[in-house]
Amino acid sequence: MGKKWRAAILASGSGSNFEAIVNATRRGEVPIEITKLVYNKEEANVKKRAARLDIHALYISHLNFPTREAFDLKLVSELKKDNVELVILAGWMRLFSASFLDHFPNTLNIHPSLLPHFRGLHAIERAYSAGVLQTGCTVHRVVVDMDSGPLVAQSFVRAEGLSLGSLRAKIQEAEHSLYPKAISFFIRNQEK
Ligand code: GAR
């Protein structure tokens, strides 16, 4: 394994992907050093996981900034303090301005569908209602447009015959397995 990339994880929700990435990193499966978690919703459960896993967590509310750009620049300055090289979005429900992505072109996201299908909110529910036989999850590089950008990896989940709850659980399981592998794959490709 080459050098470890300095990576920040940004999350707004339950944090199950955050925990999967931390655990895989601690097992030596992902060549990153996690600098900190940043979360933007005070009640986000991810902060409890960070405390349990002993990862430094920083709360920055976008509500305290007048514009998207101002919030993004605050994030940039916090991440630059740690010399972050890779930004990992794990249930981070906000778009970025170009000024953030200019500083951090290596930003990855996970989305619970086979992109480019079902971008945006409630992707699992919409795929289920559409009656797809197969759906899954996607890791991609982040660009200014929502749930777009070059694909890094996808995992397929068979939807046929499943209840919505079982489909959700299977996609979550697929995400937890895919994201650490996709991060490692992305880093190896950057180092070539
Ligand atoms: C995940 O399913 C992730 O794919 C989704 O948020 C969930 C976060 O779960 N992200 C998006 O929809 C981004 N457009 P978690 O907090 O348990 O990791």
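Each reported figure results from applying straightforward, stated rules to the coordinates on display, with no laboratory input. Everything quoted here is computed from the prediction, not taken from an experiment. Here the Cβ is made from the backbone with ideal geometry for all residues, glycine too, and neighbour counts use every protein chain on show.
Quick notes on this structure:
- The amide H of residue 6, built 1.01 Å from its N in the peptide plane, has 33, 85, 86 as neighbours under 5 Å, considering only residues 5 or more places off or on other chains.
- Taking 146, 93 and counting other C-beta atoms within 10 Å, the order from fewest to most: 93, 146
- 0 to 90° range, to nearest 10: angle between helix 164-191 axis and the chain longest Cα axis: 50 degrees
- Cross-link pairs exceeding 19 Å between alpha carbons, from the set 4/36; 4/81; 4/192; 80/181: 80/181.
- Low-density loop positions, GluC sites (Glu not before Pro), region 23-74 - DSSP coil, at most 12 other Cβ in 10 Å: 42, 43
- Over region 93-189: Rg over Rh, Cα atoms, Kirkwood Rh: 1.00
- Its DSSP H runs of at least 4 residues, each contributing -39,500 (n - 2.57), put the calculated 222 nm mean residue ellipticity of the chain at -12500 deg cm²/dmol, to the nearest 500.
- Here the contact order of region 109-189, divided by its residue count and restricted to Cα pairs under 8 Å and six or more residues apart, works out to 30 percent.
- Only aspartates and glutamates eight or more places from residue 48 in sequence, or on another chain, were considered; those with a Cα closer than 15 Å are 19.
- Per residue convex hull volume, Cα atoms of region 1-76, in Å³: 85 Å³
- The chain: Rg to Rh, with Rh as the Kirkwood radius over Cα pairs: 0.95
- At most 15 other Cβ within 10 Å, DSSP loop - trypsin sites (Lys or Arg not before Pro), region 25-54: 27
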